Amino acid sequence: MKPALTLEEAQIRVLALSQSMPSEDVPLAQAVGRYLCENIVSRRTQPSADLSAMDGYAIGPDRPERSQWKLVGESRAGAPWGKELKAGETVRISTGAHVPAGADRILIQENADANGNIIALTSDYPASLRHVRQRGFDFTKGDALIQAGTKLNAAHIALAASAGHSKVCIARPPRVAILDSGDELVADPASAKQHELPASNGIMLEAMVAPMGCSVSRLGPVGDDADALAQALEGAEDADILITTGGASVGDHDLMQPALKAWGAEMDFWRVAMKPGKPIMLATRENAKGRKQLIFGLPGNPVSAYVTAFHFALPVIRASMGATKPGNTVLRLPAGCPLPAIGPRREFMRAHWDGMTVTPVGSQDSSALAALSHANCLIDRPAQSAKVEAGTNVPVYLLGNGHA
């Protein structure tokens, strides 16, 4: 039997099999959290003219001894004065308004005294360009503002709108099918008998991938029956990614591998040297339309399914949508307590970060959902790690979607 792959070896193989999703133009409001397929290039200059950064009076480069000006008009945001200012003249100006021609600085209202149409200086004469936002200081037409592969956030959306874009080109999120299997599973948690288990993996995995924009179809739970599995798999014919849980090992009742092979899947690997989650399987299949499908066979234990989905399914979904850096973000944070030495398998300890330190929570058993629900991060403990004292910085993956 071949030795189990390391996490990095397995991730490289997974990402190498990732396929780019088709691109589409969508309104800005629908693009938050999605990955940009093309650079966003500005269609306009921002600001498009010199603007006032304060409320006050626009004045020109008069000789420094000048201390009063004649008020001849007003420039408001969206309503420029539109004339050229002459020596000794000023216009009332509001924040964001166009600075008129002939003016190059703003006398703020706190440093001015108004007496009818005469505006007098009450402080030092403002320097050139004081309180002026110069044309194009933010960006100019033709600037590449946001790079392809960027995950769009609220600030990106605002920038794209300011640059003259109402739509952006993004990749369609993958269609994900989820199939959980096992005779012990029941779909309705309220009806589970003593010898049964509520099927929690499918809904958990859906909750992990749906916020990424994926359309999700749930195909389970399905019992340990070859015919039932074959029928369920037919429902994944149009999926870009299939995620199964349970039955991926090689025991007498582990039927997922044979079912997938009968469906036309080709196995790539099925063991990774990590805890929890060693019996993870990766396969590919070409569907009837000639498009390659990526298949993850995750362990049935819920924590193992969560951790393996976090490390494999989430990065490959990001990669398929064009993320420049699809991997999960790693931080180094101080341990809140001593951490034990680790054996031959890399371990991901469920832990809680309180803003200062990270501390393991509850049971580290691969079925312990209560502990997982209290965790907001995973402490990465490499194989053969020595004991770590409290306060030592350790590598940590923040949960949520795991991506900065």
Checklist entry - Would a scan of region 60-75 turn up a residue that is assigned to a loop (DSSP other than H, G, I, E, B), over 30 Å from Gln384 (Cα atoms) and of a type in the set (Asp, Glu)? => result yes
Checklist entry - Are any of the residues in region 146-160 outside the structural domain of Leu294 (by TED's automatic domain parsing), in contact with a Lys or Arg (Cβ under 7 Å, 6 or more places away or on another chain) and in a loop (DSSP other than H, G, I, E, B)? => result yes
Item to check | All positions within region 249-301 that are assigned to a strand (DSSP E or B), of a type in the set (A, V, I, L, M, F, W, C) and surrounded by fewer than 18 Cβ atoms within 10 Å (Cβ to Cβ) | outcome: Met267, Phe269
Checklist outcome for this item: Of those in region 109-145 that are of a type in the set (Gly, Ala, Ser) and over 33 Å from the mean Cα position of the chain (by Cα), the residue surrounded by the fewest Cβ atoms within 10 Å (Cβ to Cβ) is Gly116
Item to check | Qualifying position, being buried (at least 22 other Cβ atoms within 10 Å of the Cβ), under 22 Å from the mean Cα position of the chain (by Cα), farther than 30 Å from Arg172 by Cβ and at pLDDT 95 or above, among Phe348, Phe312 | outcome: Phe348
Item to check | Qualifying residues in region 215-243 (those that are among the charged types (D, E, K, R) and assigned to a loop (DSSP other than H, G, I, E, B)) - the one farthest from the chain's Cα centre (by Cα) | outcome: Asp225
Item to check | Candidates Ala371, Ala404 - the one that is outside any loop (DSSP other than H, G, I, E, B), modelled with pLDDT under 95 and small (Gly, Ala, Ser) | outcome: Ala371
Checklist entry - Do we have any residue at all in region 23-32 that's exposed (fewer than 15 other Cβ atoms within 10 Å of the Cβ), over 28 Å from Ala283 (Cβ atoms) and small (Gly, Ala, Ser)? => result yes
Item to check | Filter result for Arg318 (surrounded by 19 or more Cβ atoms within 10 Å (Cβ to Cβ), free of Cβ contacts under 8 Å to residues at least 60 places away in the same chain and of a type outside the set (A, V, I, L, M, F, W, C)) | outcome: no
Item to check | Criterion: under 27 Å from Val168 (Cβ atoms) and polar (S, T, N, Q) - qualifying residue of Gln19, Gln68 | outcome: Gln19
Item to check | Selection from region 146-186 of residues that are surrounded by fewer than 19 Cβ atoms within 10 Å (Cβ to Cβ) and more than 25 Å from Met21 (Cβ to Cβ) | outcome: Ala158, Ser162, Gly164, Asp183, Glu184, Val186
Item to check | region 374-398 - residue that is part of a loop (DSSP other than H, G, I, E, B) and aliphatic (A, V, I, L, M) and, of those, farthest from the chain's Cα centre (by Cα) | outcome: Ala386
Next on the checklist: Residue under question is Ile203, and the condition is that it be surrounded by fewer than 19 Cβ atoms within 10 Å (Cβ to Cβ) and either among the β-branched types (Val, Ile, Thr) or not in a loop (DSSP other than H, G, I, E, B) (or both); does it hold?
Outcome noted: yes
Checklist entry - Which residues, taken from region 341-364, are in a loop (DSSP other than H, G, I, E, B) and either closer than 12 Å to Val307 by Cα or touching a strand residue (DSSP E or B) at 6+ places or on another chain (Cβ under 8 Å) (or both)? => result Ile342, Arg345, Met356, Thr357, Val361, Gly362, Gln364
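The values are calculated or read from the model by the stated rules, or taken from the named source; none is laboratory data. Bear in mind the structure is a predicted one, so any value in this text is a computation, not a measurement. Ideal geometry is used to build each Cβ from the backbone, glycine not excepted, and the neighbour counts take in all protein chains shown.
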